[in-house]
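The values are calculated or read from the model by the stated rules, or taken from the named source; none is laboratory data. All figures in this text were calculated on a predicted structure; none of them were measured in a lab. Glycine also receives a Cβ, built like all others from the backbone with ideal geometry; neighbour counts cover every protein chain displayed. The protein model used for the area step is the full one, side chains on, heavy atoms only, and it has no ligands, DNA or RNA in it. Shrake-Rupley method; radii C 1.70, N 1.55, O 1.52, S 1.80 Å.
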Amino acid sequence: MKKIYKKLFVLFVALATATSCEFGDTNVDPAVPTDVAMSALLPSGEAALSWAIGGEMVRMSGLLTQQFEGINAQQFDNYRYLIRDADMDGVWQRMYHNSLNTINVIIEKAQAENAPHYEGVAKVLMAAGIGTLTDAFGDVPYTNAFEGNEQNFTPDYDSQEELYTTILPALLDDAIARLSAAESAGGSPGADDLIFGGDLDMWISAAQSLKLRYTFQMAQQDPSAYDDALAMLPEAISSNADDFEMYFGSGANETNPQFQFSQSRAGNIKMGEYFINAFSANDTRKGLFISDIFELGEGANGFYTMSNSPVVLMSYVEVRFIEAESHLMKAASDEAAARAALDEAVEASFLKITGSGTPAAYQADLDLRWATATDKLEVIIDEKYIATYSQGIVAWNDYRRTGYPSLTVVSGGTNAFNANGQIPRRLPYPQEERLLNLGNLPIKTPNLQIPVWWNE
């Protein structure tokens with residue numbers, strides 16, 4: 001289904017409030033009246049969530065996996081693993097306050113107004129947001145994170161284990177059930193849905209795909225997760241046209257978050273040398289991924305850095321790479337099936353980015369690398385590293401899980417938060433959480449090398 005381009009005025013109302021605030025504000029926005037129609041809240045929630053994931057989360061993942069290089073200000077420090085708790089205040093606010101709080105209001109209104117289709121859409125968005133937060137930080141608030149109206153401004157933290165094994169699967173299963181409801185008396189999304197235009201089947205596919213991702217990512221804790229993930233494939237995203245993504249606009253107040261960063265923070269980031277060198281001479285995607293935009297702040301030419309580029313929340317490309325790794329790593333490894341899925345993943349990436357399939361010379365090189373690889377998982381992750389560029393924090397998750405790609409740590413990466421100088425395994429909790437919710441904070445003193453649960 002062709003994605004729908006929409007005006008995004010509501011996004012910039014939300015972003016205009018993106019300044020530091022106390023966690024009480026993070027839990028509930030008193031400026032959001034509960035009588036606003038769900039059709040007005042949905043585009044705001046979708047845009048704000050896509051902005052947070054496609055902006056700050058993409059940059060952080062790119063810096064830590066050397067797709068980007070920070071060359072000035074906070075980006076310079078973050079690239080060298082100096083990530084302060086204060087650096088996370090804005091990320092936390094834009095995820096909870098600007099997006100998830102609005103999405104939670106939609107859930108509550110949908111329940112009160114008998115609108116299961118709206119509730120289902122909002123719960124898929126909630127799962128995408130909370131899933132990204134827990135992958136980056138570990139334990140995060142969810143169960144009572146939105147109780148500001150009840151004067152609870154110090155929410156408990158749900159453990160990542162509980163989020164992965166119970167909360168997120170239940171949230172997505174309930175979303176699928178709501179989206180599958182025959183009737184939605186209180187209304188159904190339509191043109192107000194900036195992602196799928198009210199197509200409930202595509203929302204169900206997105207929900208199934210997130211379940212696939214979270215199941216697969218537990219494999220270090222549960223080796224059967226590979227087989228479980230493979231069993232989920234038939235219900236997941238089945239083509240590039242069905243990607244769970246949001247397109248931004250070309251107007252002054254509608255543009256993609258990476259594009260906006262390049263315009264307002266020119267000279268803070270450039271493309272990483274490791275990432276540039278990862279492309280072979282036969283890779284026709286290179287010119288559409290490698291762009292001077294961050295460094296120069298000039299006209300964008302990158303696939304994900306143009307003003308109207310999409311922010312990807314889950315893609316067919318990622319689904320096929322999950323299939324490839326699962327076949328390879330499951331107890332009864334199937335290299336032939338892994339290779340077939342890898343070829344499909346690479347083909348899908350070329351089709352999405354260039355409009356044409358895998359070049360014959362590139363395929364021949366991939367055939368040779370697969371045949372001679374000491375560890376075929378490295379081939380899969382090296383390909384995925386390129387193909388899922390700018391898709392959330394997939395590349396950082398993969399590096400933490402597998403150790404691939406074979407990155408060399410940057411110099412000067414040792415600091416008080418990162419004593420061993422290695423690539424960080426998590427982000428520090430925000431300074432405002434340490435100041436205002438210390439009793440519930442799982443890690444009192446920032447330590448970037450404590451692995452999250454699924455990476456233990």
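Of all residues in the stretch 382-420, which are in a helix (DSSP H, G or I), under 27 Å from ILE443 (Cβ atoms) and among the hydroxyl-bearing types (Ser, Thr, Tyr)?
Scanning the stretch 382-420 gives TYR399, THR402.
Here are LEU133, LEU163: which of them is open to solvent by less than 10 Å² (accessible area, probe 1.4 Å), without any contact (Cβ under 8 Å) to a residue 40 or more places away in the chain and over 19 Å from ARG434 (Cβ atoms)?
None of the other options fit; the residue is LEU163.
Going by what's in this entry, would SER184 be described as among the small types (Gly, Ala, Ser), part of a loop (DSSP other than H, G, I, E, B), open to solvent by 30 Å² or more (accessible area, probe 1.4 Å) and in contact (Cβ under 8 Å) with a residue 60 or more places away in the chain?
Spelling it out, it is not the case that SER184 is among the small types (Gly, Ala, Ser), part of a loop (DSSP other than H, G, I, E, B), open to solvent by 30 Å² or more (accessible area, probe 1.4 Å) and in contact (Cβ under 8 Å) with a residue 60 or more places away in the chain.
For the stretch 417-424, state whether one or more residues are of a type in the set (Phe, Trp, Tyr) and over 24 Å from GLY148 (Cβ atoms).
Within the stretch 417-424 (the criterion being of a type in the set (Phe, Trp, Tyr) and over 24 Å from GLY148 (Cβ atoms)), the answer is yes, since at least one residue qualifies.
What's the number of the condition THR65 fails, among (1) modelled with pLDDT of 95 or more; (2) within 18 Å of the chain's Cα centre (by Cα); (3) open to solvent by 10 Å² or more (accessible area, probe 1.4 Å)?
Only one criterion is unmet by THR65, namely (3).
Return the pair list, or none, for Cβ contacts closer than 7 Å from residues in the stretch 316-337 that are more than 16 Å from ASP398 (Cβ to Cβ) and open to solvent by 30 Å² or more (accessible area, probe 1.4 Å) to residues that are basic (Lys, Arg) and assigned to a helix (DSSP H, G or I), at least 6 apart or on different chains.
The qualifying pairs are GLU335/LYS376.
Kindly list, by first and then second residue, each pair from a residue in the stretch 71-95 that is within 14 Å of PHE417 (Cα to Cα) to a residue that is of a type in the set (Ser, Thr, Tyr), limited to pairs with Cβ atoms under 8 Å and residues at least 6 apart or on different chains.
Every condition considered, the pairs that remain are ARG80/SER411; TYR81/THR414; ASP85/TYR429; MET88/TYR429.
So if I check each of ALA278, ALA236, ALA241, ALA219, which one is modelled with pLDDT of 95 or more and loosely packed, with under 15 Cβ neighbours inside 10 Å?
ALA241
Among the residues of the stretch 421-439, write down those that are assigned to a loop (DSSP other than H, G, I, E, B) and either modelled with pLDDT under 95 or not β-branched (Val, Ile, Thr) (or both).
GLY421, GLN422, PRO424, ARG425, ARG426, LEU427, PRO428, TYR429, PRO430, ASN437
Which condition number in (1) surrounded by fewer than 20 Cβ atoms within 10 Å (Cβ to Cβ); (2) assigned to a loop (DSSP other than H, G, I, E, B) is the one that GLN263 fails?
The failed condition is (2).
Residues that are within 15 Å of ALA86 (Cα to Cα) and buried (at least 17 other Cβ atoms within 10 Å of the Cβ): does the stretch 395-417 have at least one?
There is at least one residue in the stretch 395-417 that is within 15 Å of ALA86 (Cα to Cα) and buried (at least 17 other Cβ atoms within 10 Å of the Cβ).
Inspect all residues belonging to the stretch 76-90 and state whether any of them is under 23 Å from PHE248 (Cα atoms) and surrounded by 22 or more Cβ atoms within 10 Å (Cβ to Cβ).
no
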